[in-house]
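Scroll down for the structure; my scribbles are underneath it.
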């Protein structure tokens with residue numbers, strides 16, 4: 001069994017060695033740039049860990065692991081464009097280094113490349129289930145992104161709607177990474193499905209932790225200023241719960257800040273955070289994170305391999321939900 005850190009090193013080296021020699025260079029340079037920005041590489045590592053539950057020759061599925069990472073970075077490239085974000089992982093975004101049209105086209109190329117990597121070297125008997133799952137996942141992520149955009153103009157988003165949105169936008173790619181790795185490793189269908197469920201619940205816990213850190217994280221550890229979600233009125237689990245549980249006076253205060261066009265950012269962050277404290281939102285969010293973590297652990301427990309072989313997946317889950325950045 002490989003450790004997560006060893007698999008990360010392997011897939012990083014593989015991705016760093018990718019060469020796009022086709023022309024025009026202006027299409028492929030942004031692809032190389034995006035992939036060079038690094039990141040946690042959680043999705044390819046999850047795929048390799050799931051494969052490694054059953055087989056040791058992880059290099060066999062480096063193309064598929066690369067495909068999942070190229071796809072993930074494609075979504076980030078287009079997200080940055082839609083959000084008009086200036087920076088990603090501390091560096092200027094593609095549409096800032098080049099322009100918006102290049103970002104769209106290079107993103108499209110990344111999507112095509114992701115499908116090519118996913119299919120390349122895939123065993124013939126697994127090609128259809130692998131590509132079906134990948135295609136379904138890609139479509140669901142688009143659905144999640146659309147829901148997220150529609151929620152921007154609503155103050156009546158329910159908890160169930162929000163959780164379904166983050167399942168689609170975040171969880172399904174983690175889940176698919178695991179299931180794809182398991183299928184490629186020769187897992188039984190029920191084990192592949194349990195690993196998918198593990199990934200869904202891991203993803204929900206991961207996103208809720210992200211929501212929590214954006215309000216209560218330490219900026220020095222978190223790596224960016226806190227309160228960004230508050231400033232842009234992002235419909236997070238925390239805001240939805242606050243609107244639902246607030247007293248009449250608290251709700252009026254929250255809605256006043258949500259409607260305000262002219263405000264001092266630090267004052268808005270401090271006031272909304274204080275309201276969250278009064279309502280008990282931090283504890284609610286932490287309880288929900290624990291709930292999804294427990295569900296993930298239960299799914300992992302049911303996977304039919306020796307417990308010691310699951311250690312790295314369990315450790316990765318704990319690292320994601322207990323992280324401070």
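For the stretch 211-233, a residue qualifies if it is touching a residue at least 12 places away in the same chain (Cβ under 8 Å) and not in a helix (DSSP H, G or I), and the qualifying residues are 217, 218, 223, 226, 227, 233.
Screening the stretch 30-73 for residues that are part of a helix (DSSP H, G or I) and without any contact (Cβ under 8 Å) to a residue 40 or more places away in the chain and picking the one that is nearest to the chain's Cα centre (by Cα) gives 73. Filtering the stretch 245-259 to residues that are in a helix (DSSP H, G or I) and surrounded by 12 or more Cβ atoms within 10 Å (Cβ to Cβ) leaves 245, 250, 251, 253, 254, 255, 257, 258. For residue 186, the conditions (1) surrounded by fewer than 16 Cβ atoms within 10 Å (Cβ to Cβ); (2) in a helix (DSSP H, G or I) are fulfilled apart from (2). Scanning the stretch 91-118 for residues being within 23 Å of the chain's Cα centre (by Cα) and not in a helix (DSSP H, G or I) gives a total of 3.
Counting the residues of the stretch 119-135 that are touching a helix residue (DSSP H, G or I) at 6+ places or on another chain (Cβ under 7 Å), in a helix (DSSP H, G or I) and either farther than 20 Å from residue 48 by Cα or free of Cβ contacts under 8 Å to residues at least 60 places away in the same chain (or both) gives 6.
Within the stretch 136-174, being out of contact with any helix residue (DSSP H, G or I) (no Cβ under 8 Å at 6 or more places or on another chain), free of Cβ contacts under 8 Å to residues at least 60 places away in the same chain and more than 20 Å from residue 118 (Cβ to Cβ) holds for 146, 150, 153, 156, 160. Can residue 208 be described as part of a helix (DSSP H, G or I), within 20 Å of the chain's Cα centre (by Cα) and within 26 Å of residue 317 (Cβ to Cβ)? Spelling it out, residue 208 is indeed part of a helix (DSSP H, G or I), within 20 Å of the chain's Cα centre (by Cα) and within 26 Å of residue 317 (Cβ to Cβ).
Answer yes or no as to whether residue 79 is at pLDDT below 95 and closer than 23 Å to residue 175 by Cβ. Spelling it out, residue 79 is indeed at pLDDT below 95 and closer than 23 Å to residue 175 by Cβ.
Residue 103 satisfies every condition listed in (1) in contact (Cβ under 8 Å) with a residue 12 or more places away in the chain; (2) over 29 Å from residue 187 (Cβ atoms); (3) surrounded by fewer than 20 Cβ atoms within 10 Å (Cβ to Cβ) except (3). Exactly one residue out of 18, 81 is under 19 Å from residue 111 (Cβ atoms) and not in a helix (DSSP H, G or I), and it is 18.
The values are calculated or read from the model by the stated rules, or taken from the named source; none is laboratory data. Source: prediction; values computed, not measured. No Cβ is skipped: glycine too gets one built from the backbone with ideal geometry, and neighbour counts run over all protein chains shown.
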